[in-house]
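Please treat every number below as a calculation from the coordinates, not as lab data. Everything numeric here is computed off the predicted structure, so don't read it as measured data. Virtual Cβ from ideal backbone geometry, glycine too; neighbours counted across all protein chains shown.
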Amino acid sequence: MNILILGNRFPWPLHDGGAIATFQMMKALAFEGHGISYFSFNTKKHFVDENTLLERFSFCKYYPQYLDASVSPWGAVKNLFSSRSYHLQRYENEQAKQNLAKILQFESFDIVHIEGLYSAGFLETVRKHFKGHVSYRSHNIESQIWERLANETSNKLKQFYFNLQAKRLKREEELFWQKVDSIIPIAPDDAKAISLKVNKPMFTYLPGIQIGLIEEVQLQPFQLFHIGSMEWMANVQGVEWFLQKVWPLVKSKVPQIEFHIAGKGLDPLDPRIFQSGVYNHGEVENAKTFMLNHGICVVPVVAGSGIRMKLIEAMSMGIPCVSTKIGVQGIAAENHVHLEITENAVEMAQAIVKMLEKWKDTVKMGQRSQKLMLEHHNLQKNTQELLAFYAKQIKN
């Protein structure tokens with residue numbers, strides 16, 4: 001099967017959940033013996049140089065299209081007088097559409113796979129030059145994220161702008177769902193929400209881990225950590241919430257506790273991180289090493305959608321985790337059995353203190369979570385099921 005995947009960025013380095021989910025899927029599809037072509041923007045913000053592309057994407061044909069999709073104050077203000085979503089408008093590029101048209105005219109594909117909503121602008125070109133099946137992989141329900149961000153902010157101006165963008169994004173997102181032939185949600189909760197709006201063939205492709213590559217964790221009993229891209233507003237908001245509302249409660253009960261934070265876009269001199277017992281590692285070279293050598297994983301997501309790849313990674317390593325309900329969304333885990341799932345700041349602080357006090361039970365919980373991930377997030381098995389779904393859609 002020849003598969004053309006359309007993206008809005010090259011997924012490297014693997015420092016955030018979106019990059020991990022895309023890269024793992026592409027490699028897994030190639031590993032199963034299928035021809036993979038990747039046509040994507042190579043954005044200014046996430047630019048990958050040619051040598052790295054040659055080294056990391058040699059398993060597929062790749063077509064980088066440079067784009068400066070940066071958010072600008074002037075662009076945001078101009079967008080107020082438009083009916084379009086600013087988030088999608090930034091990824092509109094005529095030259096890229098022309099280049100894509102040439103590829104579709106001169107190469108043959110069995111299926112076109114659109115990776116994420118910010119690649120939606122390619123659909124019109126695909127429909128003009130490709131008569132086959134077009135599938136969309138939804139990483140998140142994007143409008144839901146912005147609705148939640150609006151609800152969580154106390155700044156009235158931000159709240160107005162986030163709500164405006166959420167409404168526009170919702171309209172365009174739901175219209176896009178109608179235009180594709182099938183949808184591949186990344187999480188069961190998203191699949192349910194999408195199915196209420198459209199009647200399309202659907203397959204929930206859970207992000208996976210490679211079985212056999214599990215490393216031994218070195219748990220530190222009085223350490224917490226969080227790792228995630230601080231270029232994603234939902235992560236920023238979650239970390240701020242944790243530091244302001246949860247951390248002081250934990251620190252008052254366990255004075256010797258340490259909180260280690262790392263992630264792409266994290267400024268080592270960020271004044272928000274300067275608190276007693278908090279260690280800012282900035283962007284670390286190896287995320288897995290960082291995760292393996294610190295204690296409990298904290299996922300303080302208060303606005304989001306889809307599924308948290310870093311949570312799946314941590315659980316697959318046997319690392320004990322504590323999360324919000326939104327943070328654990330899409331993962332079939334049981335509260336108190338596989339991780340601690342909390343409703344608010346007080347609950348999260350209490351859960352962390354309990355995990356520290358009952359350390360042997362906490363270690364066992366991490367081991368149970370690892371077994372769960374191996375069962376539900378087997379990358380090879382999940383990818384084979386995705387390919388079977390594709391084959392059925394092409395046949396129909």
Run lengths n ≥ 4 of DSSP H only: what is the helix-derived mean residue ellipticity at 222 nm for the chain, with -39500 (n - 2.57) per run over all residues, to the nearest 500? -13500 deg cm²/dmol
Gap in Å between the Cα centre of the stretch 264-326 and the Cα centre of the stretch 337-393? 15
Got a sec to turn the phi values of the stretch 170-179 into Karplus ³J(HN,Hα) couplings, 6.51 cos²θ - 1.76 cosθ + 1.60 with θ = phi - 60°, whole Hz, x for Gly and Pro? 4, 4, 6, 5, 5, 5, 5, 4, 5, 8
quick note, the stretch 223-376, DSSP beta bridge pairs, % antiparallel (nearest 5) is 0
Taking every other residue with Cβ under 10 Å from the Cβ of Ser229 and scoring Lys and Arg +1, Asp and Glu -1, one gets -1
Per-residue HN-Hα couplings for the stretch 222-233 [Karplus 6.51, -1.76, 1.60; θ = phi - 60°; Hz; x = Gly/Pro]: 10, 10, 10, 8, 9, 9, x, 5, 8, 8, 9, 4
Need one number: convex hull volume per residue for the chain, Cα atoms only, in Å³. 138
If you scale each eigenvalue of the Cα gyration tensor by 5 and take the root, what three semi-axes come out for the stretch 223-376, rounded to whole angstrom and sorted largest first? 21, 18, 15
Once Lys and Arg are counted +1 and Asp and Glu -1 for all other residues with Cβ under 13 Å from that of His129, the total becomes +3
Near the amide H of Tyr62, under 5 Å away, which other amide H atoms are found, from residues 5 or more places off or on another chain, if H is placed in the peptide plane? Tyr38
Give me the lysines in straight-line cross-link reach of Lys371: C-alpha distance below 28 Å, same-chain residues under 8 apart excluded. Lys27, Lys192, Lys288, Lys310, Lys325, Lys354, Lys358, Lys360, Lys381
Can you list residues whose amide H is under 5 Å from Leu339's amide H, if they're 5+ apart or on another chain and H is modeled 1.01 Å from N? Glu334
Residues whose built amide H sits under 5 Å from the amide H of Asn378, excluding neighbours closer than 5 in sequence, are Ile209
Would you kindly derive the ³J(HN,Hα) couplings of the stretch 372-388 from the backbone phi angles with the Karplus curve 6.51 cos²θ - 1.76 cosθ + 1.60 (θ = phi - 60°), listing them in order in whole Hz, with x for Gly and Pro? 4, 5, 5, 7, 9, 10, 7, 4, 5, 5, 5, 5, 4, 5, 4, 5, 5
Around Ser138, with a cut-off of 10 angstrom between Cβ atoms, what is the net charge of the other residues, counting Lys and Arg +1 and Asp and Glu -1? -3
